[in-house]
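A quick write-up on the structure given underneath.
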Amino acid sequence: MNRFQYARPETVAEAVALLEEYGDDARLLAGGTDLVIELRNRWVEPKVVIDLKHIPELTPSITVRDDVLSISASTVMTDIAEDELVQRHFPALVEAAVVVGSVQIRARATLAGNICNGSPAADTSPPLLVYDAVVVIAGPEGTRRTPVDDFIVGPGKTSLGRGELVTAVELPIPQRPFGAAYTRLTRRRGTDLASITLCCGVDTDGHTRLAYGSVGPRAFLEIDDTGTLADPSVSIEEKVAPLDQLFHRASPSPKSLRASPDYRLAMLRVLGARALETALGRLTKEQV
Amino acid sequence: MNETLTINTTINGRSRSIEVEVNHTLLDVLRDEVDLTGTKECCVVGECGACTVIIDGRPMNSCLMLAVEIDGSEVTTVEGLEIHGELNVLQASFLDESAAQCGFCIPGQLMSATALLHDNPDPTVEQVQEGLAGNLCRCAGYEQITKAVLAAAKEAMR
Ligand code: FES
Ligand code: FES
């Protein structure tokens, strides 16, 4: 690692001021599961590393206010997976959180960090897209909120501007029955980076939200309002074609060592159908 | 802002005040400054778990943390497992089941297993496998390691 200064701000304003001052020479430290590797390999050589874990409002917390569940920036995957409110309202997010890395990684990796790193394979992106999450951002101009769909830009890229940092991720609690499920494709059972990440959500008004990642520069969200996919009485065979259309943005890289493009495209359909079935099953359960 | 920082931490029950370089990992500091070399260095990218320690009750990869991050925390390393100089139940069980071959991964396996059994004193085979999925064993002693953890759980509940 290069020599850097270590900063431990105690307020968001202090962190923002440091970010403004140092720009690209600053790196934020939350869980560090990606940053410490980048530092060690000297992929990044910052002048200052800003540790966010001593800012009271960013310390791990999951709270509900006005039907919005808010997950603070240093909340880790283990916290999310163990939280009863998240389990009750956002099961697909739990399914994504529990497959991130290993037990050791989940004890350290944060949800905010997962989306800030901009990995196309980030497990939590698809459920956050399906649940219509909002990213809370603090910056020189104050606080702003942006839909996660606008926040995620491409590999390693987000819509964060200079001096900005994520303080929380908010998920609106569905006010009407909503069933959702997350699934992924890996080479082996257990700890692995996904070749496909996919989440599907359905409601009782015929809306289907489907998000998929790891098959293009970012995770994509598709919305189907025809009612066909969300209709439990329509057979899965009849859903193959409309489901296929939702994958029009998939463009898996031929350079990846994890899986070939053909295999990924074929498996997208399989995983899509599976997640849809599970989501519909959960929707039915919600209604009884 | 600092390039070195004095941190206060409890390691294996003993409180310490250590001055650390801010760009040193916890793994480096444990091995080189605190002289606790039971924690192993291997992949240094969070894949193998050889560097696993328990911090405030949760197992973590010490290769993925800066030492400054344990300021105010409680750390347990493999050296902290023995009780009055005797192996604890889990360690003894690893011996009984011949779970250690070359032994390099064992400190990490023990720490993950300790954290697992703390949260879940009576795990299933699948839960042991999941709990230890972040610990690779080049000697592939997974069967014996799993057996050892299950046997230790049984023993502890007697
Ligand atoms: S050395 Fe830390 S996980 Fe391999
Ligand atoms: S005993 Fe040799 S690596 Fe596990």
Environment charge of B:S98, counting only residues whose C-beta is closer than 12 Å and scoring Lys/Arg +1, Asp/Glu -1: -2
For B:K154, which aspartates and glutamates qualify as cross-link partners when the Cα separation must be under 14 Å and same-chain residues fewer than eight apart are set aside? B:D96, B:E97, B:D122
Using a 1.4 Å probe on the heavy atoms of the protein chains only, list every residue of region A:102-129 that has 10 Å² or more less accessible area in the complete assembly than in its chain alone. A:S102, A:V103, A:Q104, A:I105, A:R106, A:A107, A:R108
Counting Lys +1, Arg +1, Asp -1, Glu -1, what net charge surrounds A:K239 among other residues with beta carbon under 13 Å of its beta carbon? -4
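Can you compute the helix-only [θ] at 222 nm over chain A? Use -39500 (n - 2.57) per DSSP H run of at least 4 residues, normalise by all residues, nearest 500 deg cm²/dmol.
Calculated from helices alone, the mean residue ellipticity at 222 nm is -9000 deg cm²/dmol.
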Taking loop as defined by DSSP and a crowding limit of 13 other beta carbons within 10 Å, which trypsin sites (Lys or Arg not before Pro) in region A:108-173 fit? A:R162
With Cα atoms, 0 to 90° folded angle of helix B:142-157 axis to chain B main axis: 90 degrees
Counting other Cβ atoms within 10 Å, which GluC sites (Glu not before Pro) in region A:77-172 have at most 14 and lie in a DSSP loop? A:E141
Global form of the protein assembly as shown, assessed from the alpha-carbon gyration tensor, a/c cut-off 1.5: oblate
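Which value, in Å², gives the accessible area per residue of region A:15-83 when a 1.4 Å probe is used on the protein heavy atoms?
Computed with neighbouring chains in place, this is 44 Å² per residue.
Mean shadow of region B:89-157, computed from the convex hull of its alpha carbons, in nm²?
So the Cα hull casts an average projection of 3.7 nm².
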So what's the net charge close to A:V94: Lys and Arg +1, Asp and Glu -1, counting the other residues with Cβ under 14 Å from its Cβ? -2
I need the phi-derived Karplus couplings for region A:253-268: 6.51 cos²θ - 1.76 cosθ + 1.60, θ = phi - 60°, integer Hz, Gly and Pro marked x. 6, x, 7, 5, 7, 6, 6, 6, x, 4, 5, 4, 5, 5, 6, 4
Per residue of B:41-54, what is the mean number of Cβ atoms on other protein chains within 10 angstrom of that residue's Cβ? 3
Cross-link reach from A:K53 to aspartates and glutamates, straight Cα distance under 17 Å and at least 8 residues apart if same chain, gives A:E10, A:E14, A:D34, A:D79, A:E164, B:D56, B:E69, B:D71, B:E74
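Which trypsin sites (Lys or Arg not before Pro) in region A:24-79 sit in a loop by DSSP (not H, G, I, E or B) and have at most 15 other Cβ atoms within 10 Å of their own Cβ? Please report the intermediate quantities before stating the final value.
Numbers: sites: A:R27, A:R40, A:R42, A:K47, A:K53, A:R65; in loops: A:R42, A:K47.
Sparse-neighbourhood loop trypsin sites (Lys or Arg not before Pro): A:R42.
The values are calculated or read from the model by the stated rules, or taken from the named source; none is laboratory data. What you see is a predicted model; the values in this text were computed from it and never measured. In this analysis, Cβ positions are derived from the backbone assuming ideal geometry, glycine residues included, and neighbour counts consider all displayed protein chains. Ligands, DNA and RNA are excluded from the accessible area calculation, which covers all protein heavy atoms including side chains. Shrake-Rupley method; radii C 1.70, N 1.55, O 1.52, S 1.80 Å.
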